Amino acid sequence: MIDILQHPALIGDGLKRLRTSHDITLQALAERTNLSKSFLSMLESGSRTVKFSDLRRILACYDYSVGWFVSQMWQQDEKSAKGEKIAVQPLSIVQKRTNFFLIDGSVNEGSYRLVLMRLLRSAHDIEILEMLLPPQSQMNEYETTVNAEIRGVVQRGTLLVILKGDEYVVRQGEEFCFDGSIPHILRNYTAEPTLTMLIVCPAAL
């Protein structure tokens, strides 16, 4: 499994190419994201690592997801950090296990884990994500939104989906679906880990 957040040079290069292709200045991006211009500059130079929340905030300015961004970086860069070529098969649903991408979280540190299950060919491809929430943890600290429909099935444990203050308990084997543009939080309030498969269907432009 490749931990994408541990490759700041690759992320920085991708962010710079994305910004320049949209003809946006660092100052304009700083104003849109409420991140400092110097911080954004260090990210683009690869001299700073980026948190998932900040990366998501930056990409939201372009209406792109982290999963799509990760896919683009690895498809454009023929070699991974280990020097291994990653084969992209357009019609496949899931890549080989070794080609999964950890886009946020760490099992060792006990925080949540979010894994991209396949590379994306387009910014509007359906994303398949695996989310592991340790006991008494949640994916996002504050309510967040995404321009997509979110579907999921709880494979193990119990998931609490909080939408506009309403709480919905989803148990093992049960499915759920909601409009991602509604502010939401995904949480595991139990003493056991929760494993959930998420399918994110981006809204059409």
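Taken together, the values in this text are just the output of simple stated rules run on the coordinates, not laboratory data. Quick caveat: nothing in here was measured; it's all calculated off a predicted structure. Positions of Cβ are generated from backbone atoms using ideal geometry, with glycine treated the same way; all protein chains shown enter the neighbour counts.
Points worth noting:
- The range 144-194: trypsin sites (Lys or Arg not before Pro) in DSSP coil with no more than 12 other Cβ atoms inside 10 Å: K164
- Volume in Å³ per residue [convex hull over Cα atoms, computed for the range 2-76]: 78 Å³
- The HN-Hα couplings worked out from phi for the range 121-130 by the Karplus form 6.51 cos²θ - 1.76 cosθ + 1.60 (θ = phi - 60°) are 8, 9, 5, 10, 5, 6, 9, 10, 10, 10 Hz, whole numbers, x standing for Gly and Pro.
- Since only S181, V146, G165 are under comparison, the one whose Cα sits farthest along the positive direction of the charge dipole of the range 126-202, derived from C-beta charges on Lys, Arg, Asp and Glu, is G165.
- Fewest neighbouring Cβ atoms within 10 Å first, the residues Y168, Y112 line up as Y168, Y112.
- When S111, S137 are sorted by how many other C-beta atoms sit within 10 angstrom of their C-beta, beginning with the fewest, the order is S111, S137.
- By the beta-carbon count within 10 Å of each Cβ, the least crowded to most crowded order of M131, M197, M73, fewest first, is M197, M73, M131.
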